[in-house]
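The values are calculated or read from the model by the stated rules, or taken from the named source; none is laboratory data. The structure presented is a predicted model; accordingly, all values stated were derived computationally and were not measured. Cβ coordinates were reconstructed from backbone atoms using ideal geometry, including for glycine residues, and neighbour counts include every protein chain displayed. The accessibility values were calculated without ligands, DNA or RNA, using every heavy atom of the protein model including side chains. Shrake-Rupley method; radii C 1.70, N 1.55, O 1.52, S 1.80 Å.
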Amino acid sequence: VLVPAYNEEKTISPSIQSILDSDYPDFEVIVVNDGSTDATERELQPFIAGGLIRYHAKKNGGKASALNAGIALATGDIIFFSDADSLFEKNTIRNGVMYFSDPATGALSGNDTPLNPRGILQKMLVVTSHIGTGFVRRALSMASILPIIPGNLGMVRCDILRAIGGFREVWGEDLEITLRLHRHGVRIVYGASTKVIAECPNTLRGLWKQRVRWIRSY
């Protein structure tokens, strides 16, 4: 499980703890600190001191460079990449790995769910998330044209990820690598039962900034 982090002091501790609480028997957690200027490293100290995670600190170079640094360190068969503000359910890893029992499956797009929705806007986003994720991604997966593996919940076989050269340092690296996986003939499936819980915007300004970022990626 690969977690790139940049200035995530407020969220990284519960995020890492949720991963460590997973019920899957054999996994490693690699945290790459991408030149954080806040207390991210201090928040990680209990996990580092206890040998619970593998920690790598580097100069700031962007999310793609942090992901590639983690890929170079990974020893597992499957890379599971997430964000430092996402929370795992106990069975997130197990449910994701399940799809790879089919040797034809090379990558997986997971299911991200809003965290503690409050107010009309966030509750509306829960509904649109269920429609956009639960129905649209499932249909696109069945048609073998799933266009994106979300940056907070993706799984790719390690040998495939290394063979295509990892992530590229572009705006929207999760979209780019998904298209490149398609170009290499990799089968990508949608895993509805592979969930993470993530923050969602609670203001119109925050929602606008998020959607502009998504459109720029596309």
Under a plain spin-label model, where a point goes 7 Å from the Cα along Cα-to-Cβ, how far apart in nm are D77 and M142?
-> 2.9 nm
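Starting with the highest mean, order 69-80, 37-48, 204-215 by the number of other Cβ atoms within 10 Å, averaged over the residues of each peptide. Could you put the intermediate results ahead of the total?
Numbers: 69-80: 17.4, 37-48: 15.8, 204-215: 11.3.
Going by the mean number of other Cβ atoms within 10 Å, highest first, we get 69-80, 37-48, 204-215.
Any number yet on Rg/Rh for the range 105-218, C-alpha, Kirkwood? Walk me through the intermediate numbers first.
Numbers: Rg = 14.7 Å, Rh = 14.9 Å.
Ratio of gyration radius to Kirkwood radius: 0.98.
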Quick P(r) readout (the chain; Cα-Cα; 5 Å bins; whole %) gives 1, 7, 15, 20, 21, 18, 12, 5, 1, 0
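From Cα pairs below 8 angstrom and at least 6 apart in sequence, can you work out the relative contact order of the range 1-64, rounded to a whole percent?
Details: 93 pairs, mean separation 26.4, N = 64.
Relative contact order comes out at 41 percent.
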Note down the relative contact order for the chain as a percent, whole number, built from C-alpha pairs under 8 angstrom at least six residues apart.
-> 25 percent
Mind jotting down the distance between the C-alpha centroids of the range 180-218 and the range 67-100, whole Å?
-> 16 Å
Protection proxy ranking of 2-15, 166-179 - average other beta-carbon atoms within 10 Å, highest first | 2-15, 166-179
How far apart, in nm, are the 7 Å Cα→Cβ label points at A49 and E169?
-> 3.4 nm
Mind listing P(r) for the range 152-199? All alpha-carbon pairs, 5 Å bins, whole percents.
-> 4, 17, 29, 24, 17, 7, 1
Under a point spin-label approximation (7 Å from Cα along Cα-to-Cβ), what is the D21-E199 distance to one decimal in nm?
-> 1.9 nm
Enter the accessible area per residue of the chain (Å², integer; probe 1.4 Å; all protein chains in place).
-> 51 Å²
With +1 at each Lys and Arg Cβ and -1 at each Asp and Glu Cβ, the charge dipole magnitude of the range 138-198 around its Cα centre, to the nearest 20 debye, comes out at 240 debye
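Which of the trypsin sites (Lys or Arg not before Pro) found in the range 118-147 are loop residues per DSSP with 16 or fewer other Cβ atoms within 10 Å of their Cβ?
Working: sites: R118, K123, R137, R138; in loops: R118.
Answer by residue number: R118.
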